[in-house]
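Here is the structure we will look at.
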Amino acid sequence: MDQRMTTDCVARAQALAPRLAAAAPRIEAGRELPPDIVEALHEARLFRMLVPRSLGGDEVSPVAFMQAIEELAKADASTAWCVAQTSVCSTISSALKPDIAAAIFKNDPRGVLAWGPSTSKNAKAVAEPGGYRISGEWPFASGSRHATWLAAHSFVSEPDANGEPVQKTFVVPRRAASIKDVWHVIGLKGTGSDTYALTDVFVPEDCAIAHHALDPAERRERGPLYSFTIYQLFGSSFPAIALGIARAMLDAFIALAQTKTPVAGKTVLRDNPVIQSQVGVAESQFAAARTFFYAAWDENWRAAQDNAVTLSQRVRLRMASIHASQQARQVAETAYLAAGATAIFESNPFERRFRDMHAVSQQAQAQFVIFEVIGRHFLGLPLQSSRVI
């Protein structure tokens with residue numbers, strides 16, 4: 001692992017944090033990252049963290065990446081979400097044909113790839129000579145407003161040699177898509193996670209890969225970073241955001257507790273034994289969840305150096321990730337409720353973060369049902385979905 005790269009991406013995120021915090025009201029009001037913030041993120045190379053070095057990226061370790069995302073989330077969750085989402089999308093470059101990957105990332109210093117999740121219900125890909133004809137709509141495309149390329153996931157209308165339906169991921173220039181402004185939401189407002197549509201767009205064969213780059217035979221990059229699937233990386237980058245939000249909210253409450261005297265109260269909040277206990281519990285929850293999260297990633301990253309990550313290690317990583325999501329939400333709720341009426345005002349550092357946290361927790365990677373898969377493993381039952389682990 002290149003320690004210089006590890007140190008730099010986290011330090012760059014920390015250095016940019018004050019600017020992001022100051023821009024947070026603009027980001028939320030505009031429902032997207034404004035051009036100056038996008039430019040600052042590019043200058044800090046934060047869109048390049050998971051791009052292969054062969055394409056001009058930094059190819060940092062997942063541990064450093066999660067730490068950088070956590071730092072961004074302390075300042076603005078929407079920014080952290082866009083960087084996390086598009087960074088994980090960029091890892092499919094490890095499976096793309098070299099000239100296509102270069103066109104997206106190496107030849108364009110401001111290249112960003114975004115997509116909507118999984119396979120759209122109305123998506124259609126028809127094979128024809130030289131490529132595929134694609135139509136469909138894909139929602140939740142975080143970062144699509146500043147992306148230069150988009151990916152679309154679809155079944156191909158022709159089955160494979162075994163008669164099974166084939167899923168593929170197709171990359172297209174953003175200009176080939178129409179964007180539908182649908183992102184009117186309660187939290188993570190600044191992510192611009194709109195719906196995009198492709199209508200009868202021809203995609204060359206070289207711009208098509210196995211669904212979410214999950215076919216090891218297509219993998220061209222041999223660095224250990226690219227042995228992790230997008231499910232593992234998404235499944236951890238979103239908890240990293242939750243940890244950042246929780247830390248910021250708890251810090252804000254501790255600062256508030258030094259000076260706020262509740263209505264009908266006689267002392268500041270910090271002198272209240274109940275508040276003292278709540279802070280003690282919240283700090284313990286946060287520290288335990290964060291330590292477990294990074295310890296699991298460190299263990300998996302070390303094993304990946306030898307291409308020796310075990311199923312038990314993958315389960316431990318997923319367990320640490322969902323645990324971090326759940327605990328971070330509880331810490332945020334503790335801080336929000338303890339702050340009282342102060343927390344409901346937009347001028348204070350609670351209200352937006354509370355909404356952002358609950359938008360993060362609604363994402364599939366943060367759902368309680370994931371514990372079922374983890375429990376099946378410990379009970380000796382077969383896993384029903386390898387994508388979760």
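The values are calculated or read from the model by the stated rules, or taken from the named source; none is laboratory data. Remember, it's a predicted structure, so these values are computed and weren't measured experimentally. Because the Cβ atoms are built from the backbone with ideal geometry, glycine has one as well, and the counts that use them run over all protein chains shown. Only protein heavy atoms, including side chains, enter the accessible area calculation; ligands, DNA and RNA are left aside. Shrake-Rupley method; radii C 1.70, N 1.55, O 1.52, S 1.80 Å.
Points to keep in mind about this one:
- Near P262, once Lys and Arg are set to +1 and Asp and Glu to -1 for all other residues with Cβ below 13 Å from its Cβ, the sum equals +2.
- Paramagnetic label reach from T148 (point 7 Å along Cα→Cβ; backbone nitrogen cut-off under 19 Å): within segment 27-44, residues 33-44.
- Normalised contact order of segment 246-389, rounded percent, pairs of Cα under 8 Å and 6 or more residues apart: 26
- The relative contact order of the chain, computed from alpha carbon pairs under 8 Å that lie at least 6 residues apart in sequence, is 16 percent.
- Long-range amide H partners of L383 with built H, under 5 Å: none
- Accessible area ranking (1.4 Å probe, heavy atoms, ligands and nucleic acids excluded), largest first, for H377, H184, H42: H184, H377, H42.
- Whole-Å semi-axes of segment 244-389's equivalent ellipsoid (Cα gyration tensor): 37, 15, 13
- Reduced Cα scattering model of the chain, Debye log10 I(q)/I(0), q = 0.06, 0.08 Å⁻¹: -0.24, -0.42
- Greater than 20 Å apart at Cα, pairs in K106/K168; K124/K189; K124/K168: K106/K168; K124/K189
- Cβ-Cβ distance of R110 and A217, R₀ of 35 Å, FRET efficiency by 1/(1 + (r/R0)^6): the value works out to about 0.65.
- Gyration tensor (alpha-carbon) shape descriptor, segment 60-125, a/c threshold 1.5: oblate
- With a Förster radius of 22 Å applied to the beta-carbon distance between F155 and V182, the computed FRET efficiency rounds to 0.40.
- Placing dummy labels 7 Å off each Cα toward the beta-carbon, the span from S312 to D251 is 3.7 nm.
- Proximity of backbone amide H atoms, modeled 1.01 Å from N, is registered between G131 and E205 at under 5 Å, excluding neighbours fewer than 5 places apart on the same chain.
- C-alpha long axis of helix 3-30 to longest principal axis of the chain, angle in °: 80
- Under 10 Å, Cβ to Cβ, from K97 - net charge with Lys/Arg +1 and Asp/Glu -1: -3
- Here is the size of segment 117-244 from its Cα atoms: Rg then Dmax, 15.8, 48 Å.
- Sites counted here are chymotrypsin sites (Phe, Trp or Tyr not before Pro) in a DSSP loop (not H, G, I, E or B) having no more than 16 other Cβ atoms within 10 Å; the longest part of the chain that contains none of them is 1-344.
- Rounded to the nearest Hz, the phi-derived 3J(HN,Hα) couplings of segment 269-284 under the Karplus curve 6.51 cos²θ - 1.76 cosθ + 1.60 (θ = phi - 60°) are 4, 5, 8, 7, x, 5, 4, 4, 5, 4, 5, x, 5, 4, 5, 5, where x marks glycine and proline.
- Each Lys and Arg contributes +1 and each Asp and Glu -1, all at the Cβ; summed about the Cα centre of segment 273-389, the dipole is approximately 280 debye.
- Carbon + sulfur, % of accessible area of the chain - ligands and nucleic acids excluded, 1.4 Å: 55
- Amide H within-cut-off set for A123, under 5 Å, with H built and near neighbours excluded: E137
- In the full protein context, segment 14-69 carries 35 Å² of accessible surface per residue, based on a 1.4 Å probe and ignoring ligands, DNA and RNA.
- Treating r as the C-beta distance of N272 and F368 and R0 as 41 Å, the FRET efficiency rounds to 0.85.
- ³J(HN,Hα), Karplus 6.51/-1.76/1.60, whole Hz, each residue of segment 60-66, x for Gly, Pro: 6, 6, x, 4, 5, 4, 4
- Scaled against the 2.2 N^0.38 Å expected of a compact globular protein of N residues, the Cα radius of gyration of segment 25-102 reads 1.14.
- Greater than 28 Å apart at Cα, pairs in K74/K97; K74/K266; K97/K180; K74/K260: K74/K97; K74/K266; K97/K180
- The residues of segment 72-205 have, on average, 38 Å² of accessible surface per residue, using a 1.4 Å probe with all protein chains present.
- Mean accessible surface per residue for segment 265-389, computed with a 1.4 Å probe while every protein chain stays in place, in Å²: 52
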